[in-house]
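A.B. asks: Take a look at this one; I'll ask things after.
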Amino acid sequence: MSIDKFVTLESSCVPLPIENVDTDQIIPARFLKATTREGFGDNLFCDWRYDKNGNPKPDFVLNNPVYSGQILVAGKNFGSGSSREHAAWAIHGYGFKAVVSSFFADIFKNNSLNNGILPVQVTDGFLAQVFDAINENPKVLVKVDLENQTISVPAKGISEKFDINPYKKKCLINGYDDIDYLISISENIKAWEAKAEK
Amino acid sequence: MAGKTLFDKIWEKHVVANVEGGPSVLYIDRHLIHEVTSPQAFGGLKARGIKVRRPDKTIATPDHNIPTMDQHLPIHDELSRFQVNKLKENCEENGVLMYGLNHPYNGIVHVIGPELGITQPGMTIVCGDSHTSTHGAFGSIAFGIGTSEVEMVLATQCLMQSRPKTMRINVEGALQKGVTSKDIVLYIISQISTGGGTGYFVEFAGSAIRSLSMEARMTICNMSIEMGARGGMIAPDEITFEYVKGREFAPKGEAWEKAVAEWRKLPSDADAKFDKELHFKAEDIEPMITYGTNPGMGIGISGKIPSLNEVEAASVNTFKKSLDYMGYQPGDAMVGKPVDYVFVGSCTNGRIEDLRAFAAFIKGKKKADNVTAWIVPGSKQVERQALAEGIKEILEAAGFELRQPGCSACLAMNDDKIPEGKYAVATSNRNFEGRQGPGARTMLASPLTAAAAAITGVISDPRTFLS
């Protein structure tokens, strides 16, 4: 098994300058009845995106043709609340490969990394600059370089380093899956259990 | 060398291996699963051609998606029925014990773990549900995981986890009358925000915490995720041991004595160092109520919604969006605001003590005509206890109805949805937009504050009813 590889990405962005976006907004609970991982992208941000009759709300950013791209840029504390991995599946299913914010909730961050989506945590100041750049030019390109752990807006000449756990970085660059690794050390687990259960 | 924290002691005992530059491989003692976040994980196992590694450490119950009426009938919603059946099928194929619908032990996963004695001090416990932090009340490391991680634990009984930082939150002193553990945790979140605990595992300590019952402690640990924390925990003590003793899965006889001796070693050492430490005074805490769309947007019930100039400039738009959704104005008082629904239940406040507190409050009074109330026990055992204690009769005499157990209107995956635009006082854990149904407006509160709202039909201070 493997996850999507992530090395570098240069794309225009979809801005969502709202703070504390919780996973209930990303994918409402009523869509959690599925038993496979597919199809969640259609309902990403469903209640912000569609009215109750299923018509697109024109003022929501995903319905605004001016904005598109594989990078979602969101206000601080993105992905708080429920542990539902369906939120990461919805973001992935819609076509985003990276999410930029100044703060991520822990479980969402893990879920993203386990699905090949890179959460890029930047400073509040840099996030504001990215939002400004998108405001100025909705097609502005943002570049994420995982190897060098940098995010930049070449047109504005701004760039910042971001942190990522070295192990997770290796997994993303190579498309490795944690479970394959854990299965590969199953003898160690067995030995640990034998000792602990004595 | 500095002493160890409760967290350090349990964590270090469960590390199977450390990955260079990366996370630890953490051994998991108990894996709780439910119907919503497990099917894709079982699907993953199938694709790999493997089975659950330790079915004896895995326990399942359907809870999120089940109706709270007519549970003896087949589930009418096709997708829900399919998902609940899928759980049964997956458990049967893998030899996992499941307490299905109508089983005397069925209930919300975080209610049945403790009441069956599955949850014990010193354990590592995970579940594909963020409120797994509930089990930390016993002095265990318990936290919510995503479905890929559920698959990881099913496949290997281990989890790749980076070690979080530690925080201790001390609450000292005595609570005012009418103030509950729900108010303590809503107060803390209102002070530190929904991101204030992110990156940390929190230990709740201090005299106000130590004096709480196990169920009240569970309410606090349950909501540690709402401050962003990886999990919450409370040092085990005599109250903990007394609660666990004699329960179905608790150690018995000599094994019990041995276990308790080990558990007594768990509390944080006097010289243990935490990465962060916070202090609150119990007497500062009022009954709490939320006014916005995240659990950090809470105030003492006699307080007012912040005015715009009290909100950080960068957060003003998010704040306005939230109040717009709620239909409130900055500076509004909460007392006297209309209430359409009252929901008592969930893994936060759906235990017998919650039902007792609610019933004692409304006994001899009448439900307000404008209020629809859903009283939902957290498990079949809680339901049976409520019947045995006459709580059902007290509720019915006051115009309330006791439903059947499940997650219910906490996340509204079943039919228990608050209609669009309606106001609900809920004893659950989240007031996010649409959490209780599309367009529903939620105010989080304790069972006592919910009871006061149910009787008066408006937001009311429960203390005015207590002699």
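A.B. asks: Residues that are of a type outside the set (Phe, Trp, Tyr) and crowded, with 22+ Cβ neighbours inside 10 Å, at least 3 per element: which helices (runs of 4 or more DSSP H) completely within the stretch B:332-400 meet that?
C.D. replies: So the answer is B:346-349, B:352-362, B:380-388.
A.B. asks: Just the residues that are open to solvent by 10 Å² or more (accessible area, probe 1.4 Å), farther than 16 Å from B:Ile10 by Cβ and of a type outside the set (D, E, K, R), please, taken from the stretch B:105-147.
C.D. replies: B:Tyr105
A.B. asks: Quick one: is B:Ala208 small (Gly, Ala, Ser), open to solvent by less than 10 Å² (accessible area, probe 1.4 Å), touching a residue at least 24 places away in the same chain (Cβ under 8 Å) and more than 18 Å from B:Ser133 (Cα to Cα)?
C.D. replies: So B:Ala208 passes the test.
A.B. asks: Further, regarding this structure: Please tell me if A:Asn55 is farther than 30 Å from B:Arg81 by Cα and more than 12 Å from every other protein chain (Cβ to nearest Cβ).
C.D. replies: For A:Asn55, the condition - farther than 30 Å from B:Arg81 by Cα and more than 12 Å from every other protein chain (Cβ to nearest Cβ) - is not met.
A.B. asks: While we're on this one: So which residues in the stretch B:60-73 are away from chain A (no Cβ under 13 Å), open to solvent by 10 Å² or more (accessible area, probe 1.4 Å) and of a type outside the set (Asp, Glu)?
C.D. replies: Those that are away from chain A (no Cβ under 13 Å), open to solvent by 10 Å² or more (accessible area, probe 1.4 Å) and of a type outside the set (Asp, Glu): B:Pro67, B:Met69, B:His72, B:Leu73.
A.B. asks: Out of the residues in the stretch B:430-443 that are of a type outside the set (D, E, K, R) and at the interface with chain A (Cβ under 9 Å from one of its Cβ atoms), state the one that is surrounded by the fewest Cβ atoms within 10 Å (Cβ to Cβ).
C.D. replies: B:Gly439
A.B. asks: Report yes if B:Ile10 is over 21 Å from B:Phe274 (Cα atoms) and modelled with pLDDT of 95 or more, otherwise no.
C.D. replies: Working: over 21 Å from B:Phe274 (Cα atoms): no; modelled with pLDDT of 95 or more: yes.
No: the conditions fail for B:Ile10.
A.B. asks: Within the stretch B:447-459, is there a residue that is open to solvent by 10 Å² or more (accessible area, probe 1.4 Å) and either assigned to a loop (DSSP other than H, G, I, E, B) or within 30 Å of B:Phe82 (Cα to Cα) (or both)?
C.D. replies: Checking the stretch B:447-459: not a single residue is open to solvent by 10 Å² or more (accessible area, probe 1.4 Å) and either assigned to a loop (DSSP other than H, G, I, E, B) or within 30 Å of B:Phe82 (Cα to Cα) (or both).
A.B. asks: Check whether at least one residue in the stretch B:18-41 is open to solvent by 30 Å² or more (accessible area, probe 1.4 Å) and in a helix (DSSP H, G or I), and report yes or no.
C.D. replies: No, there is no match, as no residue in the stretch B:18-41 is open to solvent by 30 Å² or more (accessible area, probe 1.4 Å) and in a helix (DSSP H, G or I).
A.B. asks: Please go through (1) in a helix (DSSP H, G or I); (2) at the interface with chain A (Cβ under 8 Å from one of its Cβ atoms); (3) in contact (Cβ under 8 Å) with a residue 24 or more places away in the chain for B:Met160 and return the number of the only condition it doesn't satisfy.
C.D. replies: Here B:Met160 meets the rest and fails (1).
A.B. asks: OK, next. With B:Lys9, B:Lys57, B:Lys51 as the choices, which residue is basic (Lys, Arg), more than 9 Å from chain A (Cβ to nearest Cβ) and touching a helix residue (DSSP H, G or I) at 6+ places or on another chain (Cβ under 7 Å)?
C.D. replies: Working: B:Lys9 fails: touching a helix residue (DSSP H, G or I) at 6+ places or on another chain (Cβ under 7 Å); B:Lys57 fails: touching a helix residue (DSSP H, G or I) at 6+ places or on another chain (Cβ under 7 Å).
One residue alone meets the criteria, B:Lys51.
A.B. asks: Taking the criterion of being polar (S, T, N, Q) and either within 14 Å of chain A (Cβ to nearest Cβ) or in contact with a Cys (Cβ under 7 Å, 6 or more places away or on another chain) (or both), would at least one residue in the stretch B:203-213 satisfy it? I'd like the intermediate steps shown before the answer.
C.D. replies: First, pick out the residues of the stretch B:203-213 that are polar (S, T, N, Q): B:207, B:211, B:213.
Okay, now just the ones that are also either within 14 Å of chain A (Cβ to nearest Cβ) or in contact with a Cys (Cβ under 7 Å, 6 or more places away or on another chain) (or both), so none.
Looking for residues that are polar (S, T, N, Q) and either within 14 Å of chain A (Cβ to nearest Cβ) or in contact with a Cys (Cβ under 7 Å, 6 or more places away or on another chain) (or both), one finds none in the stretch B:203-213, hence no.
A.B. asks: Related question: Need at least 3 residues that are open to solvent by less than 10 Å² (accessible area, probe 1.4 Å) per element, so show me which strands (runs of 3 or more DSSP E) inside the stretch A:51-146 make the cut, counting only ones lying wholly within it.
C.D. replies: A:71-74, A:98-101
A.B. asks: Here is a follow-up. Just to be sure, is B:Gly421 part of a loop (DSSP other than H, G, I, E, B) and buried (at least 24 other Cβ atoms within 10 Å of the Cβ)?
C.D. replies: In short, no.
A.B. asks: In the stretch B:278-334, how many residues are closer than 15 Å to B:Ile188 by Cα and basic (Lys, Arg)?
C.D. replies: Residues flagged as closer than 15 Å to B:Ile188 by Cα and basic (Lys, Arg) within the stretch B:278-334 amount to 1.
A.B. asks: Would you please list the contacts, defined by Cβ atoms under 6 Å and residues six or more apart or on different chains, that run from a residue in the stretch B:249-269 that is of a type in the set (A, V, I, L, M) to a residue that is part of a helix (DSSP H, G or I)?
C.D. replies: Note: pairs meeting the criteria are B:Ala250/B:Val244; B:Val260/B:Phe241; B:Leu266/B:Leu6; B:Leu266/B:Lys9.
A.B. asks: From the list B:Asn106, B:Asn94, pick out the single residue that is away from chain A (no Cβ under 14 Å) and touching a Gly at 6+ places or on another chain (Cβ under 7 Å).
C.D. replies: None of the other options fit; the residue is B:Asn106.
The values are calculated or read from the model by the stated rules, or taken from the named source; none is laboratory data. Quantities reported herein were computed from a predicted structural model and do not represent experimental measurements. Glycine also receives a Cβ, built like all others from the backbone with ideal geometry; neighbour counts cover every protein chain displayed. Please note that ligands, DNA and RNA were not included when accessible areas were found on the heavy atoms of the full protein model with its side chains. Shrake-Rupley method; radii C 1.70, N 1.55, O 1.52, S 1.80 Å.
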